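The values are calculated or read from the model by the stated rules, or taken from the named source; none is laboratory data. Computed from a predicted model, the values in this text were never measured in an experiment. Here the Cβ is made from the backbone with ideal geometry for all residues, glycine too, and neighbour counts use every protein chain on show. The area values use the complete protein model at the heavy-atom level, side chains included, leaving out ligands, DNA and RNA. Shrake-Rupley method; radii C 1.70, N 1.55, O 1.52, S 1.80 Å.
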Amino acid sequence: MAALTPAGAVCGARATAPHAGESRTVVPIRHWGRWLAAAAALTSLVGLIGSLAGNKNLHWDIVGHYVFADLVFNGLATTLWLTAAAMAVGLGLGVLVAVMRLSSNPVLRTLANAFVWIFRGTPLLVQIIFWGYAGALYKHILIGIPFTHITFLDMDTNTVLTPAVAALLALGLNEAAYASEIVRAGIQSVDAGQAEAAHSLGMRPALTTRRIVLPQAMRVIIPPLGNETINMLKMTALVSVISAHDLMSNIQDVYAQNYQVIPMLVVASIWYLILVTALGLPQSWLERRYGRGTAPATPATGPLQRLVTGAALRISRTGPAASTDSKG
Amino acid sequence: MVHAEGVRKHFGKVSVLRGIDLSVERGRVCCLLGPSGSGKSTFLRCINHLEKIDGGSLSVDGAPVGHRQQGNRLYELKEREIARARRDIGMVFQRFNLFPHMTALENVMEAPVKVAGVTRAEARADALRLLDRVGLADRAERYPAQLSGGQQQRVAIARALAMKPKLMLFDEPTSALDPELVGEVLDVMRQLAAEGMTMVVVTHEIGFAREVADTAVFMDGGVVVEAGDPRQVLGDPQQERTRTFLSKVL
Ligand SMILES: Nc1ncnc2c1ncn2[C@@H]1O[C@H](COP(=O)(O)OP(=O)(O)OP(=O)(O)O)[C@@H](O)[C@H]1O
Ligand SMILES: [Mg+2]
């Protein structure tokens, strides 16, 4: 970096000289290496796709038969609402835990730390099975005052903790532990002067957090949270161990009967890919929404467009490593 | 308006304020000067309770800061009451601290709408009037990142004024500005002083202090070394420490 700056300055000085006088045609650099690499990569890709498409053992007819099956759609619906609900629980609880971890109350801080310690420190699969079979641990759910005989509510565990509820609890609580870390980092990334300015205007701490700190923290929070959502979508596949009828459970039910494991997994993968791709849209919208007031959004350019044109302009944006390479 | 007697403050073992005595009457402008680390910012922050004082007494408009007096007992204020008291004290920071996710207009409207419960329409009209007053009516829809330092600081002043404070605190409002932008901020402050606002200003702008201040206070090492008429304190200081400091600044 340090070595580049003087070189850049020299370039700048040279560049102004020819432009100062009459106008001339600028010949952009041709990137022959890029074209070669792209061609080689594309050839390999076409070959791979061709070989997969021609592979009889993949049974594309079975894939085609099941990809729009009712069973698959039902599973999809479960997977989707489970993802959405678990993320909602995780994020809501995660914000609460993050605020508790940053609070000045030592009891709240310790409780929040313990929560994160447990739910981040044990395997998700174990947590799912635990909630799925919690009925074996506690036959009844009682709500009352501890160490007395006063109860307000007495329910049979298995009627309340259906596989769907157990799945939601397991995924949501686990997510809360991770989300709280992300939210905490986001909150701490906001300059302390912001809260001070808000306080000096007479805003109370809760209002300051909601109106001033969190919206700014969002910019830092959203990209990793997008990752979490994508992860969550795929982690819902784990709840098939307690038969929660998500996409993966239903796929497993099918291949348990017809033994077409690989084609059925291809069906599942196709749908997970489609969902993950669709999730990119709200994320970029949210990033723009909470990016307000910061540098203007980068111009949208397709990958091909970037390959062919504007390469010279982009060198500075691809980072110092790239520009050192091109200079030799 | 501000009355301090023997105000003390320490961070851990470090004594930052060691008995500050200071009085600012309503409608007067008091400029605080002093070397870095002398406790000017800390004292200013004590006035609106961003810091708690550890000793002495400090009152704003007759009410002890952070406390409620009943008989001869002082009760610590609740969070809600502290926030209530801060509404009447505007503060302008060295680094502006505008809310970057809001436009200039939204910055100014935020507290009136969310804290004072003014309707949006009314707050908007008020905010536009204030932005006009600091010469930024045409920049209302800009985000802070799209404004120059001087413009940001003027928005920050408008934002503080939006709560109709009785007292304004300025902590080196021009120290983060390019020299050619200092004037536009000082002009706004000068105008504010002329309109009768009570102001406590931490500044290194000797010229401004001499012209606008009713009192100049020189602080060093957490105590007031010299205070009085700015022409006296800044023109013909009686204390050696004041003289040394001024010779370095001028
Ligand atoms: N939150 C804090 N924790 C610990 N020490 C602090 C804190 N705030 C200020 N101090 C210390 O208190 C002393 C006085 O700080 P203060 O900011 O009030 O000085 P100042 O007169 O405003 O100086 P400057 O002109 O540099 O702004 C400094 O030594 C500083 O390190
Ligand atoms: Mg200071």
Q) If residue A:82 satisfies every condition in (1) over 20 Å from residue A:179 (Cα atoms); (2) under 20 Å from the mean Cα position of the chain (by Cα); (3) touching a residue at least 60 places away in the same chain (Cβ under 8 Å) but one, which is the exception? A) (1)
Q. Taking the stated definitions as given, is residue A:235 open to solvent by less than 20 Å² (accessible area, probe 1.4 Å) and not acidic (Asp, Glu)?
A. no
Q) Counting only residues that are at negative phi and more than 8 Å from chain A (Cβ to nearest Cβ), which one in the range B:89-101 is modelled with the lowest pLDDT? A) B:94
Q) residue A:221 fails exactly one of the following numbered conditions: (1) modelled with pLDDT of 85 or more; (2) open to solvent by 60 Å² or more (accessible area, probe 1.4 Å); (3) touching a helix residue (DSSP H, G or I) at 6+ places or on another chain (Cβ under 9 Å). What is the number of that condition? A) (2)
Q) If we scan the range B:162-180, do we find a residue that is under 18 Å from the mean Cα position of the chain (by Cα), more than 14 Å from chain A (Cβ to nearest Cβ) and among the aliphatic types (A, V, I, L, M)? A) yes
Q: Give A:190, A:116 a once-over and let me know the one that is within 14 Å of another protein chain (Cβ to nearest Cβ), open to solvent by less than 70 Å² (accessible area, probe 1.4 Å) and under 30 Å from the mean Cα position of the chain (by Cα).
A: A:190
(Q) Against the definition (surrounded by 21 or more Cβ atoms within 10 Å (Cβ to Cβ) and facing another protein chain (nearest Cβ under 8 Å)), how does residue B:111 come out, yes or no? (A) yes
Q: Collect the residues in the range B:14-49 that are over 27 Å from residue B:186 (Cα atoms), near ligand 1 (Cβ under 10 Å from one of its atoms) and open to solvent by 30 Å² or more (accessible area, probe 1.4 Å), keeping them in residue-number order.
A: B:14, B:15
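Which residue out of B:52, B:78 is within 14 Å of chain A (Cβ to nearest Cβ), within 16 Å of ligand 1 (Cβ to nearest atom) and surrounded by fewer than 18 Cβ atoms within 10 Å (Cβ to Cβ)?
The conditions single out B:52.
Of the residues in the range B:23-46, how many are within 16 Å of ligand 2 (Cβ to nearest atom) and either in contact with a helix residue (DSSP H, G or I) (Cβ under 9 Å, 6 or more places away or on another chain) or away from chain A (no Cβ under 14 Å) (or both)?
Count: 13.
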Q. Taking the range A:194-214, which residues are among the aliphatic types (A, V, I, L, M) and either facing chain B (nearest Cβ under 7 Å) or buried (at least 20 other Cβ atoms within 10 Å of the Cβ) (or both)?
A. A:197, A:198, A:201, A:203, A:207, A:212, A:213
